[in-house]
Structure formats: structure tokens, C-alpha cells
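Remarks on the structure that follows.
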Amino acid sequence: MNYSVIVCSFNKLEYLKRVVAGLQKIGGDHEYILSDDLSTDGTLEWAEESKFFGKILVMKEPGNYRLNSIRNRGIQEASNKYAVFLDADCVPEDNYFEGHDSVFECDPRRLSVGFTHFFDSEGKRLLAPDHRFAWLKPDSNECNIGWMAAYGGNIAIPKNIWAEAG
């Protein structure tokens, strides 16, 4: 599957570089969109120079805490059937897209929670468990992933489900 990967950021340049390195390591023919809340730390200049992102979307006025708005703007611009939301401090594991694939193959209308590593304020990597696989019932084609597990910076969703939800 190919995904529209929407990376949401606000002044997280050093972490964003790690996210991009992780995505480059994984590879694949995905669409990459940076949706930024008008960062002031060099994020936008670096993103343009890196040429990694096919689209760079930026809020027009200074601010912060408009994460829902920048996510919505990113998914509106997404061209693939499935959209992935990554925060600029969520570094994907090597099996990141394979995990989403397995959820959507099980049920293409489900939400998928991905496996990433988080970093504390000093840049130390914190391990995050991958709870997604526990929700795939063994010996069954049934997925049991609850919305309670969804936190916005690390999910994949079918674009049509987002559109239905509004």
C-alpha cells in the first residue's frame, strides 16, 4: 500500500530530521506532506532544502496549538487512499508501514495505531510498545482496535473515513 504521510510540526527541527531519516530508511513509494504551524526554528527552510516533502503546507499566521487544523489541512491535500499522521517527534520503526498494511488488509475501514519511538526533552529515546498487534485476534480475520488507542500523532486512517467523520 502507498500512504500519504502527513508530518505535523511546530519548532521540532532536530526531531523532524530523525523522522525523515526513519522514513527514508523504510523507503517505499509514499507521498510525504509537511504540515507546519509556522515554525520559527528553521524547520521550513530545512524542509525546502531537503526536498524530501512533496508538499509543504504552512499556517499563514503565527501561533501554535493548531494541531487539528494542520492535520486537517494535510489530509485535504493527501492524494492516497490511506493517510498516516506522524508528529515531528515520532520516529517510525522499520516495520511501520507493514503494521498499518496488516490492519487495513484485515479491515479497510479501521484506524491503525503505528509503532514509533518518542524522545524526551533532552533527546533521549524512549521506547514505546506496539499495542497495535495485540488487537489483531490470532487465527482470525477480525481486528479489534478501539478509538481509545488513537492519539493523533501516530495513526493511519482511510481518507474516506476521515471525510465521513467530517
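The values are calculated or read from the model by the stated rules, or taken from the named source; none is laboratory data. Here the structure is a predicted model, which is why all the values come from computation and not from measurement. Every residue, glycine among them, receives a Cβ derived from its backbone with ideal geometry; neighbour counts consider all protein chains shown.
Failed condition for Thr116, given (1) touching an Asp or Glu at 6+ places or on another chain (Cβ under 8 Å); (2) of a type in the set (Ser, Thr, Tyr); (3) modelled with pLDDT of 80 or more, with all others met?
That leaves (3) as the condition not met.
From the set of residues in the stretch 38-67 that are of a type outside the set (A, V, I, L, M, F, W, C) and closer than 21 Å to Pro92 by Cα, which is surrounded by the most Cβ atoms within 10 Å (Cβ to Cβ)?
The selected residue is Thr43.
Go through the stretch 38-87 and count every residue that is in a loop (DSSP other than H, G, I, E, B), at pLDDT below 85 and not polar (S, T, N, Q).
First pass over the stretch 38-87, keeping only residues in a loop (DSSP other than H, G, I, E, B): 38-42, 51-54, 59-66, 78-81.
Of the ones still in play, those that are also at pLDDT below 85 are 60-66.
The next check asks that each one be not polar (S, T, N, Q); those that pass are 60-63, 65-66.
Number satisfying all stated conditions: 6.
State all residues of the stretch 23-67 that are in contact with a Ser or Thr (Cβ under 8 Å, 6 or more places away or on another chain) and touching a residue at least 60 places away in the same chain (Cβ under 8 Å); if no residue qualifies, say none.
The answer is His30, and nothing else.
From the residues in the stretch 68-77 that are within 12 Å of the chain's Cα centre (by Cα) and either within 13 Å of Val19 (Cα to Cα) or of a type outside the set (Val, Ile, Thr) (or both), which one is surrounded by the fewest Cβ atoms within 10 Å (Cβ to Cβ)?
This residue is Arg71.
Is it true that some residue in the stretch 28-43 is of a type in the set (S, T, N, Q) and under 11 Å from the mean Cα position of the chain (by Cα)?
Looking for residues that are of a type in the set (S, T, N, Q) and under 11 Å from the mean Cα position of the chain (by Cα), one finds at least one in the stretch 28-43, hence yes.
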